[in-house]
Amino acid sequence: MTLLLKKEKTELDKLREALMTGVSYMIPVIVAGGMMLAFGSLFETITGIDLKTSDSLFAQIINDLKTFGLYGLGLLFPVIAAFVGFGLAGKAAIAPGLIAGMLAKDMQMGFLGALLGGLMAGYLVRWMLANIKLPKEFRSLLPMVIIPLFGTAIILFVMKYIVGYPLVALNTGLENWLIGMSGGNKVIMAAVLGAMVGFDLGGPINKAAITVSFGLFAQGIYEPVTASHIAIMIAPFGIGLSTIIAKQYYTKELQENGRAALMMSCVGISEGAIPFILANPALIIINAIGSAISAMLVVTFDSIVQAPAAGILALVLSSNILLYFVSIAGGVAFVAIGTTIMMKRQFMRQQAQSESAVHAETAQG
């Protein structure tokens, strides 16, 4: 009888599995929330209804769609943190992860902050389960009381005072730096804004770029808001396109999320790209460069949007629709090609590792 020895998982393997666990639980939340918000925004654009003044039934339905979508997207960060923690330490890490994700959301740390919270929850809870020894009659207190109370408190204080405030300071510093650039070369500033928007998809760096853009917009300077809002579209659209032209390199879940990302991109929602970043963090650089390309092109072509609009609405409102579309295409092409190359390499590497493991097990059998 042949005995196949199971290969021992490395810590890196466990971390990778935990990240993919977070992705698998997060995708339905993104799709549900993002698609409702996307359709609500799309209907609002198509109909031209002013949701603030109209009291019609259709206006209420559109408003509800957008509100429900925001509920879903609001759960994005707690879900990432909770189920990355779950992937590392099991059910005991879910409560600390959920609350850490809420803190990341409220402090505007973005998905990177939520991911950090999930990793902290997973590793701390795993350590507590392995090292805190209680008498038999009190063992149930560990997962029911000690970990939820002390584990969660430790994670939250570390996130807020050691991680959170430095991120807030970074956000303020970036805003001041960008404002200082506003009197210089507009094309360079556009490229910087685009890269920041594409880098962390709603995190502190993204928020700094958007905040400065709105501030300058209020002063009648439209190039920054044009650059930052075109950049919002690039990552989800480019990645979504890659899942169609090179679907063999993606799991079924990621293929489905790619189609949702395309829809969300069209109404200026970048969160559809987040699962792909967790699956392959190297895509952060691809997204930042692609977003910078589009932002730089749109300002170079002087295809300016004099409104804080993103997605298809910005395309329609631009001073030159054709050149705005060309600007989108430049960044999207870079992201789609770069993403396909990176995902192909990851796929081939995983295939080689699987084949090597099978050969090793067969040889030891």
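See the values below:
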quantity	calculated
Residues located in the stretch 130-141, provided they are hydrophobic (A, V, I, L, M, F, W, C), under 19 Å from I94 (Cα atoms) and modelled with pLDDT under 90	L141
When residues of the stretch 98-118 are limited to those that are without any contact (Cβ under 8 Å) to a residue 60 or more places away in the chain and over 13 Å from I154 (Cβ atoms), the one surrounded by the fewest Cβ atoms within 10 Å (Cβ to Cβ)	D106
Options A195, A153, A95; residue that is at pLDDT 90 or above and loosely packed, with under 15 Cβ neighbours inside 10 Å	A153
Qualifying residue in the stretch 272-288 (condition: farther than 21 Å from T243 by Cα and small (G, A, S))	no
Options T67, T53, T45; residue that is among the polar types (S, T, N, Q) and over 23 Å from G311 (Cα atoms)	T53
Hey, F217 touching a residue at least 60 places away in the same chain (Cβ under 8 Å) and more than 23 Å from A329 (Cα to Cα) or not	yes
Identity of the residue in the stretch 286-325, under 14 Å from F237 (Cβ atoms) and β-branched (V, I, T), that ends up surrounded by the fewest Cβ atoms within 10 Å (Cβ to Cβ)	I312
Test: A279 is within 16 Å of the chain's Cα centre (by Cα) and either at pLDDT below 85 or surrounded by 14 or more Cβ atoms within 10 Å (Cβ to Cβ) (or both)	yes
Lone qualifier among F43, F58, F68 - being surrounded by 14 or more Cβ atoms within 10 Å (Cβ to Cβ), over 17 Å from A104 (Cβ atoms) and modelled with pLDDT under 90	F43
Considering residues of the stretch 295-341 that are β-branched (V, I, T) and part of a loop (DSSP other than H, G, I, E, B) only, the residue farthest from G34 (Cα to Cα)	I304
Residue count, the stretch 209-254 (criterion: hydrophobic (A, V, I, L, M, F, W, C), more than 29 Å from F347 (Cβ to Cβ) and either surrounded by fewer than 24 Cβ atoms within 10 Å (Cβ to Cβ) or touching a Cys at 6+ places or on another chain (Cβ under 7 Å) (or both))	6
The stretch 242-276, subset more than 20 Å from L42 (Cα to Cα) and of a type in the set (A, V, I, L, M), residue nearest to the chain's Cα centre (by Cα)	I274
Qualifying residue in the stretch 135-144 (condition: in contact with a Pro (Cβ under 9 Å, 6 or more places away or on another chain) and more than 17 Å from P275 (Cβ to Cβ))	no
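So that you can scan it fast, the table gives a plain yes or no per residue for (1) in a loop (DSSP other than H, G, I, E, B); (2) among the basic types (K, R); (3) closer than 17 Å to F325 by Cα:
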residue	(1), (2), (3)
N206	no, no, no
I210	no, no, no
F217	no, no, no
A261	no, no, no
I269	yes, no, no
G290	no, no, yes
I293	no, no, yes
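The values are calculated or read from the model by the stated rules, or taken from the named source; none is laboratory data. Remember, predicted model here, so these are calculated numbers, not experimental data. So basically every Cβ, Gly included, is an ideal-geometry build from the backbone, and we count neighbours across all protein chains shown.
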